[in-house]
Amino acid sequence: MTNNDDEIRFLADSMLGSLAKWLRFFGYDTEYYRDIEDNRLLEIAASGNYVLLTSDRELHARAKSRKINTILVPLRSLKDQLVTINKKLGIRYNLKPRVPRCVYCNSILTKPKNLPEYLKNKNDVFFCPTCKKYFWEGRMWRNIRKFYTELENMIKSQGNTDRKPTSFSRESMPETPKGDKNDDKS
Ligand SMILES: [Zn+2]
């Protein structure tokens, strides 16, 4: 099975911690450093072939001038940020990604063989080998599903769900992400 989405690696700037967590939740390889200088961030983005996510116009411009793949995400809301990335890259968000990741550290989660007693009757339990934490569909899943439904509706209403992922064009990145304006298409 090939899936181009799996090959995308994101690097989120220090203001985008929540976005980084959600991208990891959807299975995307996303690096995030809470405290890092812009120069170092650009170095990492360039050397690791990351897509740099930032809300900082100046950092975005600097990345572009160095031919680093970068997306200027709006600071408004998480959903707006996720929709912007969906529109730019054509990636999909999946509640049950093929390769689940730890939202705290980005490690790939494993399926534990032996569950602790309190998790014995739970389905779909995953384990982070780095954080030593278990993940399962607990009570917060209700909120997660609500968030996800609203996100999917936003993506659908903006009419780009079936767009083929295009290869990332380094030359033709517009300064302002399309869809930032409230253009009423529906
Ligand atoms: Zn972890």
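The values are calculated or read from the model by the stated rules, or taken from the named source; none is laboratory data. In this text the structure is predicted, and so the values were computed from the model without any measurement. With ideal geometry, Cβ positions are generated from the backbone for all residues, glycine too; neighbour counts draw on all protein chains shown.
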- Single residue of the range 95-142 satisfying the filter (modelled with pLDDT of 95 or more and among the polar types (S, T, N, Q)) that is nearest to Phe10 (Cα to Cα): Asn106
- Could we say that Gly90 is under 25 Å from Glu7 (Cα atoms) and small (Gly, Ala, Ser) here? yes
- Task: Within the range 106-158, count every residue that is in a strand (DSSP E or B) and among the aromatic types (Phe, Trp, Tyr).
- Result: 4
- Message: For the list (1) within 16 Å of the ligand (Cβ to nearest atom); (2) in contact with a strand residue (DSSP E or B) (Cβ under 6 Å, 6 or more places away or on another chain), I need the number of the one condition that Lys88 fails.
- Response: (1)
- Note on the structure: Note on the range 57-105: residues within 14 Å of Leu16 (Cβ to Cβ) and in a loop (DSSP other than H, G, I, E, B) are Val73, Pro74, Leu75, Arg76, Ser77, Val103
- Query: Which residue, of Leu52, Leu82, Leu75, Leu89, is over 12 Å from the mean Cα position of the chain (by Cα) and in contact (Cβ under 8 Å) with a residue 24 or more places away in the chain?
  - Reply: Leu75
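Regarding the range 32-42, can at least one residue be identified that is within 16 Å of the ligand (Cβ to nearest atom), in contact with a helix residue (DSSP H, G or I) (Cβ under 7 Å, 6 or more places away or on another chain) and either part of a loop (DSSP other than H, G, I, E, B) or modelled with pLDDT of 95 or more (or both)? Steps first, please.
From the range 32-42, those within 16 Å of the ligand (Cβ to nearest atom) are 32-34; that's our starting set.
Those left that are additionally in contact with a helix residue (DSSP H, G or I) (Cβ under 7 Å, 6 or more places away or on another chain): 32, 34.
Next, from what is left, pick out any that are either part of a loop (DSSP other than H, G, I, E, B) or modelled with pLDDT of 95 or more (or both): 32, 34.
Yes, the range 32-42 has at least one match.
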- Specify the residue that is surrounded by the most Cβ atoms within 10 Å (Cβ to Cβ); the eligible residues are those in the range 103-158 that are among the aliphatic types (A, V, I, L, M) and within 16 Å of the ligand (Cβ to nearest atom). Leu109
- Message: What pairs come out if I take residues in the range 26-38 that are basic (Lys, Arg) and pair them with residues that are in a loop (DSSP other than H, G, I, E, B) and surrounded by 15 or more Cβ atoms within 10 Å (Cβ to Cβ) whose C-beta lies under 6 Å away, six or more apart or interchain?
- Response: Arg34/Ser14
